[in-house]
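Colleague: Okay, handing you the structure first.
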Amino acid sequence: MTLSEGPAAVPLLSVRGLTKLFGSFAACNAIDLDIAPGEIRALLGENGAGKSTLVKMLFGVLQPSAGEMLWEGSPVTIGSPGEARRLGIGMVFQHFSLFEALTVAENIALSLDPKISLARISDEAASLSKAYGLPLDPKAHVADLSVGERQRIEIVRALLQNPKLIILDEPTSVLTPQEADRLFETLFKLKAEGRSVLYISHRLEEVRRICDRATVLRHGKVTGACDPKHETPASLARMMVGSDVAEVHRDAGTALGDIRIEVRNLSVPARTPFAVSLKNIAMNVRAGEVLAIAGVAGNGQGELFDVLSGEYPVAEDEAIRIRGKAVGRTGINGRRLLGAGFVPEERHGHAAVSAMALSDNLLLARSQSDRKAFLSGGAFSVIRFDAIRSATRRICEAMDVRKSGEDPQAGSLSGGNLQKFIVGRELDRQPSVLVVNQPTWGVDAGAASRIRQALIDLAKSGSAVVVISQDLDEIFEVATNIAVISEGRLSEPHPAGTLTLERIGLLMGGVHESHSVPEAAHAH
Amino acid sequence: MFEAILLTVITASTPLVLAALGELVTERSGVLNLGVEGMMIMGAVCAFVAAQLTGSPYAGILAGILGGGIFSLLFGFLTLTLVANQVATGLALTILGLGLSGQIGEAFVGQPGIKLQPIVFPLLSDIPFFGRVLFSQDLIFYLSVALVIGIHWFLFKSRTGLKLRAIGDSHSSAHALGINVIRTRYLAVMFGGACAGLAGAQLSLVYTPQWVENMSAGRGWIALALVVFASWRPWRILAGGYLFGAVGIGQLHAQILAQNLGIVIPSQFLSALPYAATIVVLIIISHNRRTTLINTPASLGKPFVPDR
């Protein structure tokens, strides 16, 4: 296998200085990329590194702000997915755009020339799926198919258009290992036919296994290119995560108190086809501890939060204990009454009702747990507006929430200020247990540091805090102990001081500790 | 005796089948139009007035179709262009239709109507029993059967029908594939209106050839229930329509029979049967996730607002 592009070989697709600005934020910043005919190229990067933005530009979904693209040596602009398809670019999206009520053949027919009969599409799809080892029944309804089978429809749909370049966005994130193996065989067949594959992933082992070259993106920029087979997962992880992440600044030897959250043998099946099932989760969180749970999006973070908060109670009451009491079957208010607080991921529509005032949102969250303070009149539950208003004022002052007017609608606040409010709403109760999911997602740096400081202070005052986050900077800033969630499994917690970025990167990429690569194996 | 009952059942069922077929196409595109009753009564009054003025029941049929179709455009404009709430708009359409038709038809109350005459197929109608029942009917009956076949073919065999179903299943995915969601939905809504109008024409030209205010008498609601009962499939509309029609006719005969036997069955109980049957079918359908996914238009009643 040759790695260098000889001067004679014209790249199938060349990208020069490709930039995409959202406002003043550069999601992709002057990206250069060459894809040779017949190679499987990996595009590696953390969430938010700009991978999706880049491929959306390649497939014509987004238009670049600057830069140029060359297809087989000649400049092109790709204005729509249709133009991309005509050039010979096919795309398999991470979340499928399939019609569940229709059959496989009907789904494929919708994106093809209407003159081709359904019978012919069925035949071609059947023969293609056989040729590439993608077993598929054209007459089956999508609603009856597994996620892996649905992905095959997308692949066959792309292949029917005879593309020269196929882009796969995180294809194995929804597949079982067996389905993934089958997919890899298909990719090797495509490569053998001289087609190119752009393979987007953050799973280091599979990138090493199947890709010829890897391009690493971080913060919208290309930070490295390499032959993944000559790298170790650890060295790839370092390229992905970057070495400029803040050093650990955390007082060692903080005395920890009693166990506040205890989770044992917690397994929860996936609720929807796109959800992740939780597998045998175990953790202890003590008073004074911040347990940070790291992981790449979609590995079960949301599902874990849902069962910890009681939004979805679990069948086994003993699986979750808060302050020693079994609460697996207890709902969210019952857990709040035990002194727990919860901050879900989505600010709008989950943590807060956007169209309602801050004081209303305060009451909605705490009407049960702080009944005495906010409601009067016994069974009539008359709202004590004075008490709610003063509590709202108190929270806004404590967390420095900037707002217009005394009690504005939640939706009128900026993301950072609303986030400060919904975190402050829980902190105001001095919860003895706090679980927060992505506390600073999409929040400006100032608000983020304020929230992180508040979480650290809460733990210092003797509460147990669980922070679920994708942001490694944040995790190192706040964590006493760090665990990593991957494919619905939670690793053992490690003291934050003993973990390196590489170890975390490996755990996040799904390399489990039992077979992690020894440090001595570095090859660079 | 049995033949006579069967003939009345056919006459009573045809408007149900027609209105439900139209609503089926509308709902398959993802639009819930609760204004069937209003469109039907508008079709009835337009058909009656046109037939009186021209002397031709066929002009009446045309006017009924146009009346219902144009009236449904109002619904389309409000819900598709202005993205108004479909349920509220549909209810308003019914109320408006009932009032407006009364106004239009006021001068025609009590006039003897023109009955649409049957078209008798020479040889086929000589077949004993079935021939007489099936092949000496009026044009609207033949149209209703042709529409069942045609709509089944359109939805499940033609590419345009596939696109319509795709829109009903997921309008955003359909939009992403380049299908014109709003235009297709407009056409589906108008088709639904035209069918409801034709059903209304059958009422004022065949069933009871005269104009009486509120003469649709809740048939639009039964048609709506019928669509769900048939789980959005045309052949089941035909079967269900005749079942509901037979219940309606059977109710009258059962009343007389029961009275003779000295038993009192509240008429309300029998009138409620179609709705009760629909609830039972809904429970059966929703019990099985698969049948729900495959038959129910997933984006039914949800407004579509394209990005940017």
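Colleague: Among B:V25, A:V401, B:V87, which comes first, second and so on when ranked by fewest other beta-carbon atoms within 10 Å?
Modeller: So the ranking, lowest neighbour count to highest, is B:V87, A:V401, B:V25.
Colleague: Remind me, relative contact order of chain B in percent, using alpha carbon pairs under 8 angstrom and six or more residues apart?
Modeller: Rounded, it is 36 percent for chain B.
Colleague: Please label the shape of the stretch B:75-145 as rounded, prolate or oblate, based on the square roots a ≥ b ≥ c of the eigenvalues of the alpha-carbon gyration tensor (a/c under 1.5 means rounded; beyond that, a/b larger than b/c means prolate, else oblate).
Modeller: oblate
Colleague: Projected onto the charge dipole of chain A (+1 at Lys/Arg Cβ, -1 at Asp/Glu Cβ, origin at the Cα centre), which of A:G133, A:G148, A:V290 gives the Cα projection farthest towards the positive end?
Modeller: Farthest towards the positive pole: A:V290.
Colleague: Return one quarter of the surface area of the convex hull spanned by the alpha-carbon atoms of the stretch B:1-136, equal to its mean projected area, in nm².
Modeller: Averaged projected hull area, Cα only: 10.3 nm².
Colleague: Find, to one decimal place in angstroms, the Kirkwood hydrodynamic radius of the protein assembly as shown, where the mean of 1/r is taken over every pair of different Cα atoms and then inverted.
Modeller: 31.2 Å
Colleague: Quick one: among B:L205, B:L261, B:L134, which has the greatest mean-square fluctuation in a GNM of chain B with alpha-carbon springs under 10 angstrom?
Modeller: Highest fluctuation of the listed residues: B:L261.
Colleague: Have a look at B:A254, B:A166, B:L203 and report the one farthest towards the positive end of the charge dipole of chain B, computed about the Cα centre with Cβ charges (Lys/Arg +1, Asp/Glu -1).
Modeller: Selected residue: B:A166.
Colleague: Separate question: If amide hydrogens are placed 1.01 Å from N in the peptide plane, which non-local residues have theirs closer than 5 Å to the one on A:R218?
Modeller: Amide H neighbours of A:R218, under 5 Å, 5+ apart: A:T223.
Colleague: Output ³J(HN,Hα) for the stretch A:321-337: one whole-Hz value per residue in order, computed from phi by the Karplus curve 6.51 cos²θ - 1.76 cosθ + 1.60 with θ = phi - 60°, and x for Gly and Pro.
Modeller: Karplus values, whole Hz, x for Gly and Pro: 10, 10, 6, x, 9, 5, 10, x, 9, 7, x, 5, 5, x, 6, 5, 5.
Colleague: Take the Cα radius of gyration of the stretch A:259-521 and divide it by 2.2 N^0.38 Å, with N its residue count; two decimals is plenty.
Modeller: Rg over 2.2 N^0.38 Å, computed on Cα atoms: 1.02.
Colleague: Using 1/(1 + (r/R0)^6) with R0 = 51 angstrom and r between the beta carbons of A:A119 and B:A59, what's the FRET efficiency to the nearest 0.05?
Modeller: 0.75
Colleague: What nm value, rounded to one decimal, do you get for the distance between B:A276 and A:A373 when each label is placed 7 Å out toward the C-beta?
Modeller: Those two pseudo-labels are separated by 5.4 nm.
Colleague: Same structure again: Using the Cα gyration tensor of the stretch B:165-228, with a ≥ b ≥ c the square roots of its eigenvalues, what is the shape: rounded (a/c below 1.5), prolate (a/b larger than b/c) or oblate (neither)?
Modeller: Prolate is the answer for the stretch B:165-228, as a/c is 1.5 or above and a/b outweighs b/c.
Colleague: If you don't mind, another one. Please work out the Cα center distance from the stretch A:275-343 to the stretch A:358-400, rounded to the nearest Å.
Modeller: 25 Å
Colleague: Rounding to the nearest 20 debye, state how big the charge dipole of chain A is about its Cα centre with +1 on each Lys and Arg Cβ and -1 on each Asp and Glu Cβ.
Modeller: Dipole magnitude for chain A comes out near 920 debye.
Colleague: Another one. Could you give the nm distance between label points at A:S414 and B:A254, where each point is 7 Å from its Cα heading toward the beta carbon?
Modeller: The modelled label-to-label distance comes out at 6.9 nm.
Colleague: On the Cα set of the stretch B:149-308, report Rg and Dmax in Å, please.
Modeller: Calculated on Cα positions, Rg and Dmax stand at 19.2, 69 Å.
Colleague: For the pair A:S97 and A:T19, what calculated FRET efficiency results from E = 1/(1 + (r/R0)^6), where r is the Cβ-Cβ distance and R0 = 30 Å, to the nearest 0.05?
Modeller: It comes to 0.65.
Colleague: If you don't mind, there's one more thing I want to ask. Could you check the simple spin-label distance between A:L337 and B:W235, using points 7 Å along Cα→Cβ, in nm with one decimal?
Modeller: In this crude label model, A:L337 to B:W235 measures out at 5.6 nm.
Colleague: Please identify, among B:G43, B:G64, B:G110, the residue showing maximal mean-square fluctuation in a Gaussian network model of chain B using a 10 angstrom Cα cutoff.
Modeller: Fluctuation is largest for B:G110.
Colleague: Find the relative contact order for chain A and round it to a whole percent, using C-alpha pairs within less than 8 Å whose residues are 6+ positions apart.
Modeller: Relative contact order of chain A: 15 percent.
Colleague: Under 16 Å between alpha carbons, and skipping anything fewer than 8 positions from A:K403 in its own chain: which aspartates and glutamates qualify?
Modeller: Here the aspartates and glutamates satisfying the reach criterion relative to A:K403 are A:D360, A:D444.
Colleague: Right, another one. Dipole of the stretch A:371-413, Cα-centred, from +1 at each Lys and Arg C-beta and -1 at each Asp and Glu C-beta, to the nearest 20 debye?
Modeller: 160 debye
Colleague: For A:T77 and B:F156, FRET efficiency with R0 = 30 Å and r from the beta-carbon atoms, rounded to 0.05?
Modeller: FRET efficiency, B:F156 to A:T77: 0.15.
Colleague: Amide H to amide H, which residues 5 or more places from A:H494 or on other chains are under 5 Å from it, using H placed in the peptide plane?
Modeller: Amide H to amide H, under 5 Å and 5 or more residues apart or across chains, A:H494 pairs with A:I482, A:A483.
Colleague: Further question on the same structure: What list do you get for B:D126, A:D386, A:D306, A:D370 if you sort them by fewest beta carbons within 10 Å?
Modeller: Exposure proxy ranking, most exposed first: A:D386, B:D126, A:D370, A:D306.
Colleague: So how compact is the stretch A:13-241: Cα radius of gyration and Dmax in angstrom?
Modeller: Every Cα atom of the stretch A:13-241 included, Rg and Dmax give 17.4, 52 Å.
Colleague: Over all directions, the average projected area of the alpha-carbon convex hull for the stretch B:1-74 comes to how many nm²?
Modeller: Mean shadow area of the hull around the Cα atoms is 6.1 nm².
Colleague: Give the long-range amide H neighbours of A:A357: residues separated by 5 or more places, or on another chain, with amide H under 5 Å away, using H modelled in the peptide plane at 1.01 Å from N.
Modeller: Amide H neighbours of A:A357: A:A410.
Colleague: Below 8 Å between Cα atoms, with a sequence gap of 6+, how large is the relative contact order for the stretch A:13-241 in percent?
Modeller: Once normalised by length, the contact order is 29 percent.
Colleague: Once the dipole of the protein assembly as shown is set up with Lys and Arg at +1 and Asp and Glu at -1 on Cβ about the Cα centre, which of B:I149, B:V212, A:I116 lies farthest towards its positive end?
Modeller: So the residue we want is B:V212.
Colleague: Determine, for B:I237, A:I200, B:I114, the number of other Cβ atoms within 10 Å of each Cβ, and report the residues in order from fewest to most.
Modeller: B:I114, A:I200, B:I237
Colleague: Run down the lysines and flag those whose C-alpha is under 16 Å from the C-alpha of A:K51, throwing out any fewer than 8 positions away in its chain.
Modeller: A:K20, A:K221
We did not get these values from a lab; they are worked out from the coordinates using the rules stated. As the structure is a computational prediction, the values presented were derived from the model and not from experiment. So basically every Cβ, Gly included, is an ideal-geometry build from the backbone, and we count neighbours across all protein chains shown.
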